[in-house]
Amino acid sequence: MKEFKAFWDAVNDPSAVAAGIKSKAGKKIMGHVCSYAPEELIHGAGFHPMRIFPGQAEVSLADNHLQSYCCSLVRGILEDCLAGNLDYLSGMVFPHTCDSIMRLSDIIRLKGQFEFFADVLVPSKLDTASAKAYLGQVLERFRQDLERAEDREVTDREIAASIRLFNSIRKNLSRLFELKSKHPGLIFGKDLYAVVRGAMIMDRNELARHLERLVQKLEEKEPPPFAGRRLVLAGSACTMPEIHSLIEQGGGAIVADDLCTGQRWADGQIDPDMPPMEGLVERYAQRMVCPAKHAGIHARGDRLLEIAKEHGAHGVIFLLVKFCDPHAFDLPYLKSVLDQAGIKSQVLELPEHQQGMGQAATRLETFIQMI
Ligand code: SF4
Ligand code: SF4
């Protein structure tokens, strides 16, 4: 479908998107590496928020700064920074999350490569009143950092306008996820992947228009029948659309996810009637947590089980980024929750290179045949 082209273009060449936004809208590009980055605030302050993913296949420069057992996403992003591939960024924002991101933040801060740098100290524990109050102070301080960078006030009205825009984007992304669950054959998994990743890169006004059109087109389309296995994909971030194609070739389809490059990022409307900074606090405190955050001992297991049941999943695939400790630590507990509920699961390490795809294909096919 031609409606997916703009999203694929953004995924394949973020620097071209950045150049377009800089020349057309005159905006500075603010990179971030985690879905806890408060994008609405960055956007409201007049910057363009862009999630950064590694683009380099080989890592060599980053080895001088990070151990080889550091998560492959973070090593890849540092490699791109050091190689000058991210020179289109004016700044980088690091929410306080996993250790790998925190070490990346330290290196970038010390190198002083970008005009703007901010650590946003989002609390680890998010389910208490004091955590919310603290998060409010952290976001207010970040707002002041952005104001200093631009030497102007960032008004509530600007933040509220960005919140409305992001609400509309998230609403349409959620409609796409619903469509995918209802009619798994309607959209290829790799195309939905491109929409979500592209949405983290594209100009948000253009994106909102593209999404509206795409949802409308898909809702008008006759859905093909689907008789395969319904699967949930869980983990940190998926950076390989080929995984979706392998699952589909094996006779399955992803009908829901618990991913940073998926529903964990897209979920959660902000109440437009609340004072905007309070609305932001509510969203970032209430959104589905990742293992770098805490919202109760059973929150992650309960949520994964709820997703699997709600979407009639036959199985769950845990997608692990190499050397991602937070997700690896969570795995035994999440797996046991699914085992107790009689839901089968499979762990798959995200291959670093295309050569690893053959093995991944065999494991996925075997799992899908087994469930
Ligand atoms: S899994 Fe958690 S820490 Fe990692 S990028 Fe996503 S939100 Fe950030
Ligand atoms: S959560 Fe995992 S994959 Fe994401 S940045 Fe941290 S260590 Fe890497």
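The values are calculated or read from the model by the stated rules, or taken from the named source; none is laboratory data. Treat the numbers as computed from the prediction; the structure is a model and nothing was measured. No Cβ is skipped: glycine too gets one built from the backbone with ideal geometry, and neighbour counts run over all protein chains shown.
Values as computed for the structure displayed
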read-out	value
Residues satisfying the stated conditions in segment 320-366, i.e. within 15 Å of Gln249 (Cβ to Cβ) and free of Cβ contacts under 8 Å to residues at least 60 places away in the same chain	Gly358, Gln359, Thr362, Arg363, Thr366
Residues of segment 97-121 satisfying the condition of being of a type in the set (S, T, N, Q) and either surrounded by fewer than 16 Cβ atoms within 10 Å (Cβ to Cβ) or within 13 Å of ligand 1 (Cβ to nearest atom) (or both)	Thr97, Ser100, Ser105
Those helices (runs of 4 or more DSSP H) lying entirely in segment 1-97 with at least 3 residues within 25 Å of Ser168 (Cα to Cα)	5-12, 14-25, 39-44
Glu79 away from ligand 1 (no atom under 16 Å from the Cβ), over 30 Å from Gln216 (Cβ atoms) and touching a Pro at 6+ places or on another chain (Cβ under 8 Å)	yes
Some residue of segment 209-219 being in contact with a helix residue (DSSP H, G or I) (Cβ under 9 Å, 6 or more places away or on another chain) and either in a loop (DSSP other than H, G, I, E, B) or within 16 Å of ligand 1 (Cβ to nearest atom) (or both)	no
Residues that are within 16 Å of ligand 2 (Cβ to nearest atom) and among the charged types (D, E, K, R), drawn from segment 309-329	Lys322, Asp325
Residue selected from segment 222-235 under the condition within 17 Å of the chain's Cα centre (by Cα) and either farther than 18 Å from Leu338 by Cα or of a type in the set (A, V, I, L, M, F, W, C) (or both), by the criterion surrounded by the fewest Cβ atoms within 10 Å (Cβ to Cβ)	Leu233
Where a residue in segment 283-301 is in a helix (DSSP H, G or I) and its partner, wherever it lies, is surrounded by fewer than 19 Cβ atoms within 10 Å (Cβ to Cβ) and at pLDDT below 95, with Cβ under 6 Å and at least six apart	Arg283/Gly268
Flag if Gln113 is polar (S, T, N, Q), more than 26 Å from Val196 (Cα to Cα) and part of a loop (DSSP other than H, G, I, E, B)	yes
